[in-house]
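The values are calculated or read from the model by the stated rules, or taken from the named source; none is laboratory data. Please read these numbers as outputs of a predicted model, since none were measured by experiment. Cβ atoms come from the backbone with ideal geometry, glycine included; neighbour counts cover every protein chain shown. Keep in mind that these areas ignore ligands, DNA and RNA; they rest on the heavy atoms of the full protein, side chains included. Shrake-Rupley method; radii C 1.70, N 1.55, O 1.52, S 1.80 Å.
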Amino acid sequence: MSDDTTTKRRVLFVLGSARARGTSEALARHAAATLPPEVDQDWKRLADFPLPDFRDPGASETGTSPTGNERVLLDATLEASDVVIVSPLYWYSVSARTKLYLDHWGRWLRLPHVGFRSRMRGKTMWAVTTTGGEDTAKARPLLESLRLTAGYLHMPWGGDVVGHNDGSDGVLASTDTLERASGLFATGSAPRHPGPARRPDLGARPPAARGERHGRPTERPAYGVYGS
């Protein structure tokens with residue numbers, strides 16, 4: 001991996017909602033629209049790349065090399081200069097799919113030929129989330145867990161946006177929220193972007209990534225601890 005800080009920036013958006021085209025994703029896309037055209041954007045909807053259940057191999061095991069969907073997500077993560085976690089608030093935390101993706105970071109740390117820890121150092125982490133109630137303070141546990149994750153891997157924290165979902169796309173109608181989203185990448189605290197890391201030699205590559213699925217949300221949880 002090169003230390004050249006001028007390497008092209010690539011932003012990975014990890015979409016963790018249980019619903020396609022939810023308000024968290026809409027808010028993230030509003031923020032992404034402010035990125036310069038020369039910045040590569042990689043959008044990965046975790047529902048399109050289901051991961052196997054996480055199994056902790058233990059300190060004495062290294063586990064098997066990633067294949068299939070896990071390999072796609074590992075490659076996307078390592079090739080990014082920025083990782084944006086886009087997840088609604090589910091019971092004061094990220095969605096189950098997002099948590100499973102982050103759990104696999106722990107597995108990738110155990111693969112010596114990947115060098116996950118050293119290659120994540122310097123990448124910038126961001127967060128975009130929405131809550132189902134007006135009290136955005138309920139998102140603090142979600143944001144703190146992501147900040148701790150970033151700190152553990154020496155990843156600068158770029159910033160976050162917390163929106164309110166009232167069930168009628170209200171988050172997108174909020175001028176204040178849209179202004180915060182528009183300024184997310186403009187006010188990030190980490191100017192250094194190490195660029196794409198080399199891809200680990202894990203054997204044959206899986207088929208090309210599938211395109212994003214299109215759809216409209218059909219229902220919304222009624223509780224304030226949920227976003228979308």
Legend entry - Among (1) open to solvent by 30 Å² or more (accessible area, probe 1.4 Å); (2) over 30 Å from Gly132 (Cβ atoms), the one test that Arg29 misses: (2)
Inset, instruction - Return the residue satisfying two criteria in turn: it lies in segment 32-52 and is within 21 Å of Ala18 (Cβ to Cβ) and open to solvent by 20 Å² or more (accessible area, probe 1.4 Å), and of such residues it is modelled with the lowest pLDDT. - result: Pro52
Legend entry - Residues being open to solvent by 10 Å² or more (accessible area, probe 1.4 Å) and assigned to a strand (DSSP E or B) - total across segment 71-123: 2
Inset, instruction - Test Gly195 against the criterion of being at pLDDT below 90, buried (at least 18 other Cβ atoms within 10 Å of the Cβ) and within 23 Å of Asp42 (Cβ to Cβ), and give yes or no. - result: yes
Inset, instruction - Note down all Cβ pairs under 7 Å where the first residue falls in segment 104-116 and is farther than 15 Å from Asn69 by Cβ, the second is part of a loop (DSSP other than H, G, I, E, B) and modelled with pLDDT of 95 or more, and they're at least six residues apart or on different chains. - result: none
Inset, instruction - Consider Asp56 carefully, then state whether it is in contact with a helix residue (DSSP H, G or I) (Cβ under 8 Å, 6 or more places away or on another chain), assigned to a loop (DSSP other than H, G, I, E, B), of a type outside the set (S, T, N, Q) and at pLDDT below 95. - result: yes
Inset, instruction - Could you grab the pairs with beta carbons closer than 7 Å, sequence gap of 6+ or different chains, first residue in segment 133-152 and modelled with pLDDT of 95 or more, second one in a helix (DSSP H, G or I)? - result: Thr149/Leu102
Legend entry - Where Arg21 falls short, out of the listed (1) touching a helix residue (DSSP H, G or I) at 6+ places or on another chain (Cβ under 9 Å); (2) modelled with pLDDT under 95: (1)
Inset, instruction - Please work out if Val161 is in contact with a Leu (Cβ under 9 Å, 6 or more places away or on another chain), open to solvent by less than 30 Å² (accessible area, probe 1.4 Å), more than 14 Å from Val86 (Cα to Cα) and of a type in the set (A, V, I, L, M, F, W, C). - result: no
Inset, instruction - Tell me which residues, restricted to segment 128-168, are acidic (Asp, Glu) and part of a helix (DSSP H, G or I). - result: Glu144
Inset, instruction - Sort out which residues of segment 6-53 are more than 18 Å from Asp82 (Cα to Cα) and in a loop (DSSP other than H, G, I, E, B), and write them in order of number. - result: Ser17, Ala18, Arg19, Ala20, Arg21, Gly22, Phe49, Pro50, Leu51, Pro52, Asp53
Inset, instruction - Please state which one of Leu78, Leu51 is over 13 Å from Val11 (Cβ atoms), under 16 Å from the mean Cα position of the chain (by Cα) and touching a residue at least 60 places away in the same chain (Cβ under 8 Å). - result: Leu78
